[in-house]
Every structure is written in C-alpha cells, then in structure tokens.
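Notes to accompany the following structure.
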Amino acid sequence: AGGGGGYLHCCAPAPPAERGVAGGGGGAGPAWDCRSLAVVRALAPTAAMARDGLLRGGDARHAWVGGVAIDENANWLACGGGTESEFKATSGWLALHHAPSGALVSASKTSAHVQPLDFMRPGGGQLVSAANEGHVTYWKRAEATLDARVPTVVPSVFAIATAPVPGASDDAVDAVCLAGNAPIVDVHTHPGGRAFQLSTLPADDPPAPSAS
C-alpha cells in the first residue's frame, strides 16, 4: 500500500477503525485504509524524537520500527524499534500515538531496541514490550512511562501474545506469553513474574525394547 522504505518488520490491524499500520526499515509507520488500501497517514515518531532531543539526528535517520500495536478500541497506537550506527544496533525507542489523529503523545528512549509489543486489556492498563536483553517491560498505557521490568528466560524475545486468564474477572490482568531465541514459551500471569514455561523441544524418544 505504500509507506516507508526498506523491509517491513511488523503490522497490526485496527478493526474498529477499519485501519491498519505497519513498520519497518524506513523508520516510518504507514497507516492505511483497509477497504481502499490507500495510505492515510505516515507516522514518523523518530523524527519528532530528534526534534525533542531524545534522539540524535543521525540516529533518527537510521531508525527502524520493530513492533507496532493498536489497543482494542483503536484509541492508542504504540510502536518501537531501534537505531543503527555503522550497521550496529545502538539504542531503542518507544512511542505512543493517539490513533485517530496520529498525534505523538509520548516517547521514550530505551536501553535496547524494541522488538515485539502488545497492549493488555484495560484491567491491566499496560503496554508490554520486549527486546534482546532478558526481560519484559510494562509501560503505563496512557503515557508510555515505565511501570515494571520483569526477567524472562528468553534471551531475545521476538513475539508477544496477551490473552485473558481462563476464569478470571473482566478487570483481571492478562497472561503474557513470550517467545524468541530459545525453545521455550515463557508465560507470565501477572506483572510480578513468571507463572510457568512451555517447552517446544520434542519429548525424549522412548527406550528401545530389550532383546528377549
């Protein structure tokens, strides 16, 4: 549909608004109308961060979007990624937009490039992100300020999924599932820490029958 240059790394739909948004190597996030596929807006959070002094101009020009998420009511749009200097990942960033207008609400620099992110239900009131630094970060939804950082056994997280805990009340915090460069899915049922892990390794082969 159009938008920034380079590879696309992520995309997210906004069904209530019949919109979608993507991010990639160009550092900009095109938002398009899902019916006409026309680009209706191009988000450029790193350019705004450079103007505000959160990123150097050179970093902003070489920034990329690693993850994008839209909340369940299509009110908030979050994106995050990294910057590159001499082809080496140096730092990361996270930005929160008002989805209907595309206005940048807040932005933060991060210690590592942001890979996946997702919104939790209003009961949790949080945005969750992860990177290649062995922990998951919870942000306050309305202003994208740091709320908590929790260790994970996945060294570099490539995917996040959030879902209601079966039997929990509507205002309960979602479960957060993390996957990446380890044969494990790390499951957190509250922001304080890990609940359990799921292994993706095959079960051990059964022993061979003994000779009679």
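The values are calculated or read from the model by the stated rules, or taken from the named source; none is laboratory data. Small disclaimer: the values here were computed from a predicted structure and weren't measured. Methodologically, a virtual Cβ is constructed for each residue, glycine included, from the backbone with ideal geometry; neighbour enumeration extends over all protein chains shown. Protein only, heavy atoms only, side chains kept; ligands, DNA and RNA dropped before computing areas. Shrake-Rupley method; radii C 1.70, N 1.55, O 1.52, S 1.80 Å.
General observations
- Taken over region 92-125, the criterion of being over 17 Å from residue 44 (Cα atoms), at pLDDT below 85 and out of contact with any Asp or Glu (no Cβ under 6 Å at 6 or more places or on another chain) is satisfied by 111, 122, 125.
- Candidates 107, 131, 142 - the one that is open to solvent by 50 Å² or more (accessible area, probe 1.4 Å), of a type in the set (A, V, I, L, M, F, W, C) and over 15 Å from residue 188 (Cα atoms): 142
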